[in-house]
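Participant: I'd like to ask some things about the structure below.
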Amino acid sequence: MGVIIAMAKKQTDYSDNGKSQFIIGNEAALRKYNEVMVKYCDVLPVPLVEVATDLGLKIFFSSELKDNESGSIGLEDDGFIIYLNEKHSPNRNRFTLAHEIGHYVNDQDYFEKNSSIIDHVKLNRIEAIDPELATRERRANEFAANLLMPEGKFKSVCETYRNIEKVAKYFDVSISAASIRLDRLGDFNGYLI
C-alpha cells in the first residue's frame, strides 16, 4: 500500500502564485470523488489514504497544530494539502482525514476566497464566531461519517454484531464516532451495548 503520509514542520505561504488552478468547483470535485469511490465502494474499512491520494490530496502529520486543532486543509503551491495533528489518536486522525476530504469535495467555493480551513475539536466555539463556517464543519462531519460508515453497511453490521465496540472496530473508527452515527441513523432503539 503506497502511503504518502509524512511529517510536516513548515509554515505555509498562502499567497496565490497560480494556486487557483487547483480549485475545480464543488460539482467537479464531487464528480471526481464519485469516480474515485467506485474503486473503493466495497472496501471496508475505507482506505482513506488511497482515496485522498487518488483525489490528488497530499497528507502530512504536523506537530505545529494546537491540541484543540484536529487538522486542516489548505491550498498550497502544488495543490491541496491536509495536515493532521500528530498528537491525536489514530482513530481521531482517521475521522479528521475523512472530514478534510469532505471539505475538499464540498467547499471548493470557500477556497476561491480563502486558503485554508483549520478544524477545531469543539464545533460550538466556531458556531459563536462564524455560523457559516460552523455549517461547513457540520457538513464535513456528516460527510466523514458517511464515508467511513456507509449507511446500508453500517445498519447491517449493527444488526450482525449488536455491540458498538465491535461495530467501531469493524469500521476502524472510535466508539464515539460509531455511537454518534448510530444515534443519527436511529432505528436501533438501544439494543447495541
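Where a number appears in this text, it was derived from the coordinates with a stated rule and is not lab data. Computed from a predicted model, the values in this text were never measured in an experiment.
Participant: Test of understanding: what is the full-extension gain from CYS41 to GLU159, defined as 0.36 nm times their sequence separation minus their Cα-Cα distance?
Facilitator: Once the chain is fully extended between CYS41 and GLU159, it gains 40.4 nm.
Participant: I need the phi-derived Karplus couplings for region 167-180: 6.51 cos²θ - 1.76 cosθ + 1.60, θ = phi - 60°, integer Hz, Gly and Pro marked x.
Facilitator: 5, 4, 5, 4, 8, 6, 10, 6, 4, 4, 4, 5, 5, 5
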